[in-house]
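As structure tokens, the structure follows; a few thoughts come after it.
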Amino acid sequence: MVLLVVLGVTKGPKYLRAMEIAEKMDMKYVEETFIAMDQYFDFVTVSKSSNPFTFDTKQNIQLPETFSFENQTFNTEAFLDSSYTQGFLVIQDDTIIYENYWRGQKEETKHISWSMAKSVISALLGIAQAEGHMGSVDKTVDEYLPEMKGTGYEGVKVKDVLQMSSGVKFNEDYGDPNSDIQRWFKTFALGESQDEFAATLVNEREPGTYNHYVSINTHVLGMILVRTTGQSVSSYFKEKLWDPIGAEHDACWLKDENGMEMALGGLNATLRDYAKVGRLFLNKGNWEGKQIVPESWVEESLTMDKEHVTPSSKNSAHPDSGYGYQWWIPSGNDGEFWARGVFNQYIYINPTTRTVIVKNSANQNFYDNTNPHSISTVNLELMRAIAYRIR
């Protein structure tokens with residue numbers, strides 16, 4: 001701590017800010033931090049839609065009293081509490097049938113998405129492709145970004161980046177203070193260039209052969225979006241998605257000192273507006289009769305077309321789930337898919353039951369891989385229990 005204070009005095013305000021961020025990311029503060037990220041980071045405001053869409057509402061249903069996972073039974077209310085849920089929303093057939101908030105979050109409160117934003121970036125790339133900005137996903141990253149030649153992304157197809165199969169070497173262990181993801185977060189807290197960080201990564205596997213979640217892959221997709229459209233991530237997001245789906249509240253997108261958004265997880269929005277992203281994909285990219293995201297892109301996004309991106313693959317670091325274009329695809333027959341973020345952020349979509357469920361959390365036990373309240377597959381069973389009960 002003494003060294004950090006000296007750095008703060010000798011190297012200026014951004015080091016003092018980084019120290020404050022480090023403190024606020026301590027587990028005992030994250031409930032407050034996750035609903036106030038714009039107090040600690042630079043950001044861009046994304047204004048609400050001029051034509052807001054509102055869901056019909058009903059009195060809250062009674063959630064299933066219990067649900068089960070691997071022969072263990074959980075009390076639903078206790079599970080929501082023990083996973084430090086801050087907002088929970090269930091939409092059935094375009095109607096809010098359950099909505100509740102805890103731990104400081106309210107209907108109008110923006111909560112950080114973390115990696116749920118990855119699914120939004122994928123949607124924007126699909127729109128950019130349809131508009132003729134971006135070409136085939138079979139093109140390589142360095143064809144779009146020549147500055148990535150000589151890095152781990154040279155020669156890697158955009159499709160392999162979308163499917164988290166880039167082959168780039170990266171340690172995504174959030175609980176390891178020396179991991180690559182923590183190294184990236186420290187540079188972001190200092191405001192430093194994410195583009196430059198991405199260029200430091202190297203390749204360790206043949207691209208397109210192994211599913212390995214690398215958050216910086218999504219940053220590279222964000223770089224491609226900016227380069228091909230000539231717009232910032234937040235500007236394109238506002239014009240092509242946030243306005244058309246009728247966002248009811250302003251969002252904000254965190255950014256670095258060069259103005260580049262944290263594409264991999266820096267979106268902050270309200271629970272209901274996250275649900276609109278779910279509704280958009282539930283309806284295959286169509287919004288009130290207008291095709292916002294090309295249906296073909298939605299289908300590609302949810303197609304596991306290679307063995308390594310299927311559930312239970314031996315060529316995957318994530319055998320609990322399949323993976324599409326920045327969407328997680330669990331095993332099952334109902335066509336479910338979901339956006340997932342650290343500390344248990346979820347947008348769950350079940351096309352068979354026509355259900356969308358959104359969960360914002362600040363799970364203080366998230367780094368404990370043995371704690372069932374922090375495990376995504378357990379959270380999935382909660383959402384399935386709700387969807388199957390109400391269909």
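Could you name every one of the strands (runs of 3 or more DSSP E) located completely within the range 1-113 that has at least 1 residues being assigned by TED's automatic domain parsing to the domain that holds Val358 and more than 19 Å from Ile375 (Cα to Cα)?
Ranges flagged: 43-46, 85-92, 95-101.
Quick check on Lys169: is it under 27 Å from Met304 (Cβ atoms) and without any contact (Cβ under 8 Å) to a residue 40 or more places away in the chain?
It is true that Lys169 is under 27 Å from Met304 (Cβ atoms) and without any contact (Cβ under 8 Å) to a residue 40 or more places away in the chain.
Among the residues of the range 192-227, what is the count of those that are crowded, with 19+ Cβ neighbours inside 10 Å and among the β-branched types (Val, Ile, Thr)?
6
Looking only at the range 311-322, count how many residues are closer than 18 Å to Arg205 by Cα and either polar (S, T, N, Q) or under 18 Å from the mean Cα position of the chain (by Cα) (or both).
Selection size over the range 311-322: 4.
Could you grab me the full set of residues in the range 160-186 that are in contact with an Asp or Glu (Cβ under 6 Å, 6 or more places away or on another chain) and of a type in the set (D, E, K, R)?
Lys169
Report, by residue number, each residue of the range 130-154 that is in a loop (DSSP other than H, G, I, E, B), farther than 23 Å from Trp327 by Cα and touching a helix residue (DSSP H, G or I) at 6+ places or on another chain (Cβ under 8 Å).
Hits for the range 130-154 are Leu145, Lys149, Thr151, Glu154.
Every residue in the range 351-390 that is small (Gly, Ala, Ser) and out of contact with any strand residue (DSSP E or B) (no Cβ under 8 Å at 6 or more places or on another chain), please.
If the condition is that a residue be small (Gly, Ala, Ser) and out of contact with any strand residue (DSSP E or B) (no Cβ under 8 Å at 6 or more places or on another chain), then Ser374 is the only one that fits.
For the structure I just gave you, tell me whether Lys284 is out of contact with any strand residue (DSSP E or B) (no Cβ under 7 Å at 6 or more places or on another chain), under 24 Å from Tyr98 (Cα atoms), modelled with pLDDT of 95 or more and in a loop (DSSP other than H, G, I, E, B).
yes
Can you give me the number of residues within the range 155-179 that are part of a loop (DSSP other than H, G, I, E, B) and on the phi < 0 side of the Ramachandran plot?
15
Considering each of Gln163, Gln129 in turn, give the residue that is at pLDDT 95 or above, buried (at least 18 other Cβ atoms within 10 Å of the Cβ) and closer than 15 Å to Arg227 by Cβ.
Checking each option against the conditions leaves just Gln129.
Here are some conditions: (1) within 21 Å of Lys284 (Cα to Cα); (2) among the charged types (D, E, K, R); (3) touching a strand residue (DSSP E or B) at 6+ places or on another chain (Cβ under 6 Å). Asp93 meets all but one. Which one does it not meet?
In the conditions (1) within 21 Å of Lys284 (Cα to Cα); (2) among the charged types (D, E, K, R); (3) touching a strand residue (DSSP E or B) at 6+ places or on another chain (Cβ under 6 Å), Asp93 misses (3) alone.
Does any residue in the range 180-194 that is outside the structural domain of Glu20 (by TED's automatic domain parsing) and among the small types (Gly, Ala, Ser) come within less than 6 Å, Cβ to Cβ, of a residue that is assigned to a helix (DSSP H, G or I) and crowded, with 20+ Cβ neighbours inside 10 Å six or more places away or on a different chain, and which pairs are these?
Once the first residue is outside the structural domain of Glu20 (by TED's automatic domain parsing) and among the small types (Gly, Ala, Ser) and sits in the range 180-194, its partners that are assigned to a helix (DSSP H, G or I) and crowded, with 20+ Cβ neighbours inside 10 Å give Ala189/Ala18.
Could you tell me whether the range 246-258 includes any residue that is assigned by TED's automatic domain parsing to the domain that holds Pro319, more than 24 Å from Ala18 (Cα to Cα) and crowded, with 23+ Cβ neighbours inside 10 Å?
yes
Give me the pairs: first residue in the range 318-345 and β-branched (Val, Ile, Thr), second residue assigned to a loop (DSSP other than H, G, I, E, B), beta-carbon distance under 7 Å, and six or more apart or on different chains, which are they?
From the range 318-345, the pairs are Ile329/Leu302; Ile329/Met304; Ile329/Ser321; Val342/Trp114; Val342/Ser115; Val342/Tyr174; Val342/Phe366.
Return only the number of the condition from (1) out of contact with any strand residue (DSSP E or B) (no Cβ under 8 Å at 6 or more places or on another chain); (2) in contact (Cβ under 8 Å) with a residue 40 or more places away in the chain; (3) on the phi > 0 side of the Ramachandran plot that Val293 does not satisfy.
(3)
What number of residues within the range 114-129 satisfy the criterion of being assigned to a loop (DSSP other than H, G, I, E, B) and hydrophobic (A, V, I, L, M, F, W, C)?
1
Kindly indicate whether any position in the range 235-254 is part of a loop (DSSP other than H, G, I, E, B) and either more than 26 Å from Asp94 (Cα to Cα) or modelled with pLDDT under 95 (or both).
no
Among the numbered criteria (1) modelled with pLDDT of 95 or more; (2) over 24 Å from the mean Cα position of the chain (by Cα), which one does Asn71 miss?
Tallying (1) modelled with pLDDT of 95 or more; (2) over 24 Å from the mean Cα position of the chain (by Cα), Asn71 fails exactly one: (1).
The values are calculated or read from the model by the stated rules, or taken from the named source; none is laboratory data. Keep in mind it's a predicted model, so treat the numbers as computed, not measured. All Cβ positions, glycine included, derive from the backbone under ideal geometry; neighbour counts span all protein chains shown.
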